[in-house]
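Here the structure is laid out as structure tokens; the discussion comes afterwards.
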Amino acid sequence: MYMDIRENIKKKLALLPDSPGCYLMKDVTGTVIYVGKAKILKNRVKSYFRGEKFGKTKLLVQNIVDFEYIVTGSEKEALLLEINLIKKYDPKYNIIFRDDKQYPYIMLSYDKNPELSIIRPNKRTKRKNVKLFGPYPNGYAAKKIVQILNRMYPLKKCKSFKDDLCLYYHIGECLGYCKLDIDKEVIDNMILEITSFLNGNYHDLYKKLESEMLKASEKLNFEKAKDIKEVMDYIKITLEKQKIDFNDNVNRDIFNYYVYKDYISIQVLHSRNGNLVERDSYVYELNEDECDVLNNFIISFYEQDDRFKPREILVPECVDNDLLSEVLDIRVLSPVKGDKKKLLDMAEENAKIKIEDKIKLIKNDYNRTVHACEELSKKIGFEVHRIESFDNSHLFGNFRVSGMVVFIDGRKSTKDYRKYKIISDAKDDYHMMQEVIERRYARVINDNLNAPDLILVDGGLIQINATKEVLDNLALNIPVYGMQKNDKHRITHLVSPDNEYIEIEKNSDLFHFLETISEEVHRFAISYHKEIRSKGTFSSKLDEIPGIGKQRKKELLKKFGTLKGILDASEEELEKIIPKSVIPILKEYLQK
């Protein structure tokens, strides 16, 4: 069969055109495992089947049993098509650039009750009369800036209005918005100064602080003078030293890379209003052209939800500036001299330093996971790439949940994790497992999802049989093995469906790999159980309060999350969910 596959590939290689386009590599199941683009399809695709390959490229080639290609009118069209195909198929051998970071923004409200707060992209406000500043890749710096401004300006500090003027008013850090009418001009001037500071003009605030420090010293209030001096030092050290002498105040990102052996290190520097605020580092195994990798990386970088797009990005000369500018609607420059070129060189130098430090860790981790998968495949007698594992959690039959984790080629695939709330009357592990397995793999069949090569369950033959019974009813032939543990909860054996015990050598790569899977699925199920349990406790408390029914309880839970959150909420916020007459009853109950 292997010879037939190679003959088929050989025949198709002879038919490849001398045109630009995209190619899709497929495995034995017909799944697309790699998408690439080429200036000349014939040359690029043939290169995969010539000469010796290493690392990830070797694994890729070993798994190719077929390919197809799409001809495009130009190399630019091929790049755009490649990006769309990668999105569509999510091939496991492509470098997929994902970044789970959600950088904070500083939000300034400029209504009659001005306040400063920090928000994340997934909580972007829809409120009117607010300004957003950022993003701040350094979350600590963002918090420190908000603290400085809250100390210097009498902004609203309390989350809700108090019955009387609070401590902040009496120490001069609030104007008493809850009780007093404040002159609009006073608020406008304060907003103007804060906006100027957040836009990069630190000098005015620095002079104001200096004046305040001198006044405190003259009044012999040395403690206050010392506090102000610490704030001044923070501004000077953390903010002023990063000032880059650009007069345009343009937000820009700087991309560069460095290749070391079979790896590429990509560095992103973030400059906001002339300040170099943070950097991001990425290291990947390189099995594509380095310039193609950087092109794809930059496009993927800005396609994430709520990713801030600067006005300008700086890139090395190998990047296709016109294409990036067209796709991203951002000005793209490749400077050859001046301060901007220095920034580009700085990014390259940082990429070089980062990769040399990280390369050994990456190789060790990669070798261990690959070796563990190979060892597992040998022990059970078939090749394993995708593993799905399940675990249940409940409290005396209540708050019943299950979690599924996925590992692909030894690595966590968190985007494929799934949570299940048990909806049947099942209260024992056997029937809970059966419900979850049926829901999961009926979905795999109906939605044509990727099935795993192996299912791992925590336990022995009982758990295996529970799973196999459902799979047989669904006419699915997916191997199921159990992870048998000793009295110290350490894995000692794998159990096959035939009740054969496969010993796992302690401290081997496979042992550590299976322990990781077991701990991860347990952690995932337990965390979901705690989440459901806390919501259940919260719900049961609200059930005791007259005037709060099922729908109102649900809305309160969604809006405030905790009982303390409700207690701290203002009447205006609560009136949007419950009648005004119920609010005093709710507050009195919660205070008790």
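Measuring from label point to label point, each 7 Å out along Cα→Cβ, what is the E52 to N321 span in nm?
The answer from the label model is 4.2 nm.
Need the full-extension length gain, E349 to D204, defined as separation in residues times 0.36 nm minus the C-alpha distance. One decimal, nm.
Result: 48.8 nm gained on full extension.
Of all GluC sites (Glu not before Pro) in segment 439-507, which ones are in loop regions per DSSP and have a Cβ with at most 12 other Cβ atoms within 10 Å?
Passing both the DSSP loop test and the Cβ count: E500, E505.
Once you've got the Cα coordinates, tell me which of K224/K354; K112/K564; K128/K354 are over 32 Å apart.
Table pairs above 32 Å Cα-Cα are K224/K354; K128/K354.
Return D339, D253 ranked ascending by Cβ neighbour count within 10 Å, so the fewest neighbours appear first.
Final ranking by Cβ density, sparse to dense: D339, D253.
Which one, Q551, S581, L567, projects farthest toward the positive side of the charge dipole computed for segment 543-591 from Cβ point charges (K/R +1, D/E -1)?
Positive-most Cα among the choices belongs to Q551.
Sort the following peptides by mean Cβ neighbour count (other Cβ atoms within 10 Å, averaged over residues), highest first: 62-71, 202-211.
The densest-packed peptide leads the list: 62-71, 202-211.
Relative contact order, percent, of segment 252-358 when contacts are C-alpha pairs under 8 Å separated by at least 6 residues?
34
For the cross-link pairs K157/K412; K419/K587; K87/K506; K144/K340; K12/K88, which exceed 31 Å when the distance is taken from alpha carbon to alpha carbon?
K157/K412; K419/K587; K87/K506
Under unit Cβ charges (Lys, Arg +1; Asp, Glu -1), what dipole magnitude, rounded to 20 debye, does segment 543-591 have relative to its Cα centre?
Using only the charged Cβ atoms, the result is roughly 260 debye.
Which aspartates and glutamates have a Cα lying under 19 Å from the Cα of K554, excluding residues fewer than 8 positions away in the same chain?
E531, D543, E544, D568, E571, E572, E573, E575
Counting Lys and Arg as +1 and Asp and Glu as -1, each charge on the Cβ, what is the dipole of segment 2-89 about the Cα centre in debye, to the nearest 20?
The calculated dipole for segment 2-89 is roughly 220 debye.
For the charge dipole of segment 386-534, defined by +1 on Lys and Arg C-beta atoms and -1 on Asp and Glu C-beta atoms about the Cα centroid, which residue among V495, I462, S402 has the Cα displaced farthest towards the positive pole?
So the residue we want is S402.
Just how large is the dipole of segment 386-534 about the Cα centre, in debye to the nearest 20, putting +1 at every Lys and Arg Cβ and -1 at every Asp and Glu Cβ?
I would put it at about 700 debye.
Rule-based calculations on the coordinates, nothing more; no lab input. These numbers come from a predicted model, not from an experiment. Positions of Cβ are generated from backbone atoms using ideal geometry, with glycine treated the same way; all protein chains shown enter the neighbour counts.
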